[in-house]
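Novice: Below you'll find the structure I mean.
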Amino acid sequence: MTDTPPSLSWTDAQDLPQQARWRSEAGVPAPRRLQLADDTLNADTAYRLACEGTGLLWQGDFHNARQLLQALARRVDRKPRKLKAPATTLSEAFHQHRQGQAQRARVLGLVLVPVNADYSVPLRRAPDLRQALQEVWGEPDGQPSVVSLRELLGLVGAHEWRKKGVPVPALGPDARIHPYYGVFSPVRGEYVDLVAKAPWPAGFTPDQPVFDIGVGTGVLSAVLAKRGARQVVATDQDPRALACAGANLNRLKLSAQVQLQQTDLFPPGQAALVVCNPPWLPARPSSPIEYAVYDPDSRMLRGFLQGLAAHLSPDGEAWLILSDLAELLGLRSREQWQTWAQEAGIEVVGRRDAKPQHPKASDPSDPLHKARSAEVTSLWRLRRAAA
């Protein structure tokens with residue numbers, strides 16, 4: 001038995017009852033109040049209604065809806081946030097920043113757009129978005145839909161990234177990884193380069209098994225296979241990530257060297273090399289698609305460390321890819337995760353560092369700039385602790 005998708009009901013301009021499926025990949029619930037809106041609605045009124053939680057179902061020109069969304073964003077961004085007190089620590093700044101982001105998303109997410117059963121958008125000057133929507137939503141199910149314009153534009157942006165791809169120099173001068181919507185894109189190349197350049201463990205041979213835990217787009221599996229590993233087993237619990245990884249490995253002609261498995265963390269057996277790049281920040285995601293960035297209660301990191309000894313061959317090595325941003329923000333100390341490793345019979349035997357080059361690391365206007373500018377990404381070499 002499947003759950004019935006959530007829906008919205010309203011009366012149209014001709015006083016006829018209407019109903020449509022509510023779609024939100026971010027897991028946002030449908031608004032409780034709905035009002036029809038068109039090109040006559042001014043931004044100040046729209047902002048007031050959105051702040052009150054009223055969904056604005058757009059009936060006018062598509063490009064005017066985009067302009068309204070931009071106008072609302074300007075109002076949200078210039079409105080002073082009511083804080084109990086200014087942040088005195090980076091941890092407080094992080095949580096206030098997250099609260100502000102969530103409030104911004106709530107307001108901007110209330111400009112809504114209708115979508116026909118065939119995924120066409122019945123608004124003037126609306127572009128053809130059917131392919132972008134089908135990539136995320138699957139084949140049309142015969143029902144009209146309503147979706148947040150902000151999320152719709154995010155789906156379109158993801159479609160463009162998927163078509164264009166992200167250059168990955170470690171895989172070759174023209175190699176690209178094509179991320180799917182909701183699968184973390186390898187735009188931060190420093191962690192990829194760490195895996196590409198780290199020396200193989202002593203005694204490792206390319207025919208020994210390698211595990212890639214949390215495959216995502218498949219970029220690290222591709223790097224390992226490109227380096228010569230012939231038996232990579234890559235896992236993920238997200239079907240969308242596995243589909244994305246499979247497509248990228250096929251495109252790079254590396255699929256014969258990589259076996260994909262849908263599972264939480266480890267596949268059966270042991271490996272001479274185990275690689276894991278878990279989400280770096282131990283915080284609660286505000287939507288399902290944020291699980292690639294936020295690891296609530298360090299669940300994946302702790303699960304990886306706790307299960308590693310059983311899945312690492314006696315002389316094997318693990319490469320754990322972690323940024324120290326969580327440490328700099330006061331969210332989790334280095335001593336904490338290393339204590340988890342020690343308790344699981346795992347010891348640190350080495351480390352390679354890289355300095356992030358992403359734009360926020362050098363943006364002084366970013367509220368977390370102090371931490372981002374000091375951030376270091378590391379490949380931690382782990383082994384079973386000596387008995």
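The values are calculated or read from the model by the stated rules, or taken from the named source; none is laboratory data. Fair warning: this is a prediction, and the values are worked out from it, not measured in the lab. For neighbour counting, all protein chains shown are included, and Cβ atoms are generated from backbone atoms with ideal geometry for every residue, glycine included.
Novice: When you look at D174, is it in a loop (DSSP other than H, G, I, E, B) and either in contact with a strand residue (DSSP E or B) (Cβ under 7 Å, 6 or more places away or on another chain) or loosely packed, with under 15 Cβ neighbours inside 10 Å (or both), yes or no?
Specialist: On the way: in a loop (DSSP other than H, G, I, E, B): yes; either in contact with a strand residue (DSSP E or B) (Cβ under 7 Å, 6 or more places away or on another chain) or loosely packed, with under 15 Cβ neighbours inside 10 Å (or both): yes.
Against the criterion (in a loop (DSSP other than H, G, I, E, B) and either in contact with a strand residue (DSSP E or B) (Cβ under 7 Å, 6 or more places away or on another chain) or loosely packed, with under 15 Cβ neighbours inside 10 Å (or both)), D174 qualifies.
Novice: I want to confirm something. Restricting to region 232-280 and keeping residues that are in a helix (DSSP H, G or I) and of a type in the set (K, R), which single residue is farthest from G216 (Cα to Cα)? Steps first, answer last, please.
Specialist: Let us first name the residues in region 232-280 that are in a helix (DSSP H, G or I), namely 239-251, 255-257.
Those still in the list that are of a type in the set (K, R) too: 240, 251.
Numbers: R240: 9, R251: 16 Å.
Here the residue is R251.
Novice: Would you confirm whether any residue within region 305-315 is in contact with a Ser or Thr (Cβ under 7 Å, 6 or more places away or on another chain) and assigned by TED's automatic domain parsing to the domain that holds V187?
Specialist: Residues of region 305-315 in contact with a Ser or Thr (Cβ under 7 Å, 6 or more places away or on another chain): none.
Looking through region 305-315, none of the residues is in contact with a Ser or Thr (Cβ under 7 Å, 6 or more places away or on another chain) and assigned by TED's automatic domain parsing to the domain that holds V187.
Novice: Give the residues of region 246-264 that are closer than 18 Å to Q208 by Cβ, touching a helix residue (DSSP H, G or I) at 6+ places or on another chain (Cβ under 7 Å) and without any contact (Cβ under 8 Å) to a residue 40 or more places away in the chain, sorted by residue number.
Specialist: Scanning region 246-264 gives L254, Q257.
Novice: I've got another one for you. For region 338-367, how many residues are modelled with pLDDT of 95 or more and either aromatic (F, W, Y) or touching a His at 6+ places or on another chain (Cβ under 7 Å) (or both)?
Specialist: 1
Novice: Residue by residue through region 286-312, note down the ones that are of a type in the set (S, T, N, Q) and either surrounded by fewer than 16 Cβ atoms within 10 Å (Cβ to Cβ) or in contact with a Pro (Cβ under 7 Å, 6 or more places away or on another chain) (or both). Walk me through how you get there before you give the answer.
Specialist: Just the residues of region 286-312 that are of a type in the set (S, T, N, Q), to begin with: 286-287, 298, 306.
Matches in region 286-312: S298 only.
Novice: Where the second residue is surrounded by fewer than 23 Cβ atoms within 10 Å (Cβ to Cβ) and among the aromatic types (F, W, Y) and the first is in contact (Cβ under 8 Å) with a residue 40 or more places away in the chain and lies in region 54-73, which pairs have Cβ atoms under 7 Å and are six or more apart or on separate chains?
Specialist: L57/W10
Novice: Between R78, R98, R74, which is basic (K, R), in the same structural domain as A46 (by TED's automatic domain parsing) and under 18 Å from the mean Cα position of the chain (by Cα)?
Specialist: Working: R78 fails: under 18 Å from the mean Cα position of the chain (by Cα); R74 fails: under 18 Å from the mean Cα position of the chain (by Cα).
That would be R98, the only listed residue that is basic (K, R), in the same structural domain as A46 (by TED's automatic domain parsing) and under 18 Å from the mean Cα position of the chain (by Cα).
Novice: Just the residues that are touching a Pro at 6+ places or on another chain (Cβ under 7 Å) and assigned to a loop (DSSP other than H, G, I, E, B), please, taken from region 375-387.
Specialist: Hit for region 375-387 is E375, nothing else.
Novice: Let me ask something else about it. With the requirement that a residue be in contact with an Asp or Glu (Cβ under 8 Å, 6 or more places away or on another chain) and buried (at least 16 other Cβ atoms within 10 Å of the Cβ), what does region 219-257 give you? So that I can check it myself, show each step before the final result.
Specialist: Of region 219-257, the ones in contact with an Asp or Glu (Cβ under 8 Å, 6 or more places away or on another chain) are 220-221, 224, 230-235, 237, 242, 245.
Once the filter is applied, which keeps residues that are in contact with an Asp or Glu (Cβ under 8 Å, 6 or more places away or on another chain) and buried (at least 16 other Cβ atoms within 10 Å of the Cβ), region 219-257 yields L220, S221, L224, Q231, V232, V233, A234, T235, L242, A245.
Novice: Quickly run through region 204-218 and pick out the residues that are surrounded by fewer than 24 Cβ atoms within 10 Å (Cβ to Cβ) and under 18 Å from A272 (Cβ atoms).
Specialist: F204, T205, P206, D207, Q208, P209
Novice: Enumerate the pairs (first residue in region 150-172 and closer than 23 Å to Q101 by Cβ; second residue anywhere and among the small types (G, A, S) and in a helix (DSSP H, G or I)) with beta-carbon separation below 6 Å, excluding pairs fewer than 6 apart on the same chain, so at least 6 apart or on different chains.
Specialist: That search, which allows pairs on different chains as well, returns L155/A132; V156/A132.
Novice: Give the residues of region 107-147 that are small (G, A, S) and touching a Ser or Thr at 6+ places or on another chain (Cβ under 7 Å), sorted by residue number. Break it down into steps so the answer makes sense when it comes.
Specialist: At the first step, the residues of region 107-147 found to be small (G, A, S) are 109, 117, 120, 126, 132, 138, 142, 145.
The answer is G109, and nothing else.
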